[in-house]
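The values are calculated or read from the model by the stated rules, or taken from the named source; none is laboratory data. Not measured: the values here are computed from a predicted model. Counting neighbours? That spans all protein chains shown, and the Cβs are built from the backbone with ideal geometry, glycine included.
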Amino acid sequence: MLKNIYLIKKELLIEYRNNVSLFIITPTVAVLILVFPILSENRFVVDDNFFTINKLLFLIFFTTLFSIRSPLNQKQLTRELNFGNITRKNFFLFKTISEFIIFMPQSIILLVSFSIFTNTGLQNHILYFGISIIFFSLNSIMINLILQMFTSFNNRFVQFILMVPVLMSLSFFIAPIWLGINPNLTNIYLMMYLGITLLVFSYTSWFLERE
């Protein structure tokens, strides 16, 4: 148990020291401050769905930058795990937790900033909105770790090419929720998202357990 807590603290410290991950939101918010107040001057002639889609695109862009900031070194990772007697399954679990703790507040700040600067609100219940962000964050983090752990691609451009289609696919489930579909359909989309999350985590854990 103490070893697991130490692993989480170690990964959190690594994420905290990673300046790129912590300050990714700075240029993003700067763009919001400079560009979207101009749009908001004429926001009454722009449909709210336009701002919702743009909010989702900013989240995808932000998540992509967050995902490609620090590719894993497979040889170094193997040495560290063997030295600490840590299984790849535990590493995957606690790395996911650590990145989620770092990523989630930043994504919330990004979306709140977008809403403030564009003077737009939510088109669905805040609970559905929050759950969709949690599912999106968990899946994007897990899939990025899977690509890094199971492939030898450590080039940032290759990571970008791999992650963008994945994030676009994940966004298809939250776009209808953000656009304000009825509660019954929202529940269906959230259940589908929950199923995808459990499937990704379960399959990865099973595969890593076999190694």
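General remarks:
- Top-ranked residue of the stretch 82-91 - restricted to ones that are surrounded by fewer than 19 Cβ atoms within 10 Å (Cβ to Cβ) and of a type in the set (A, V, I, L, M, F, W, C), ranked as farthest from Ser132 (Cα to Cα): Phe83
- Test set (1) farther than 25 Å from Leu208 by Cβ; (2) touching a residue at least 12 places away in the same chain (Cβ under 8 Å); (3) not aromatic (Phe, Trp, Tyr) - Asn182 fails condition number: (2)
- Residues in the stretch 110-125 that are loosely packed, with under 14 Cβ neighbours inside 10 Å and farther than 24 Å from Asn182 by Cα: Ile116 only.
- With respect to the conditions (1) over 17 Å from Thr96 (Cα atoms); (2) part of a helix (DSSP H, G or I); (3) of a type in the set (Val, Ile, Thr), Ile134 lacks only one, and its number is (1).
- Whichever residue in the stretch 58-117 is among the basic types (Lys, Arg) and in contact (Cβ under 8 Å) with a residue 40 or more places away in the chain and, among such residues, is nearest to Val166 (Cα to Cα): Arg69
- Restricting the stretch 160-205 to residues that are part of a helix (DSSP H, G or I) and among the small types (Gly, Ala, Ser) leaves a set whose member that is farthest from Lys89 (Cα to Cα) is Ala175.
- Residue in the stretch 101-114 that is among the aromatic types (Phe, Trp, Tyr) and modelled with pLDDT of 80 or more present: yes
- The residue list Ser98, Ser67 contains one member that is crowded, with 16+ Cβ neighbours inside 10 Å, among the hydroxyl-bearing types (Ser, Thr, Tyr) and at pLDDT below 80, which is Ser67.
- Breaking point among (1) of a type outside the set (A, V, I, L, M); (2) farther than 25 Å from Ser205 by Cα; (3) surrounded by fewer than 14 Cβ atoms within 10 Å (Cβ to Cβ); (4) in contact with a helix residue (DSSP H, G or I) (Cβ under 8 Å, 6 or more places away or on another chain), for Phe160: (2)
- Residue under evaluation Phe100, criteria (1) under 23 Å from Val200 (Cβ atoms); (2) in contact with a Gly (Cβ under 8 Å, 6 or more places away or on another chain), criterion not met: (2)
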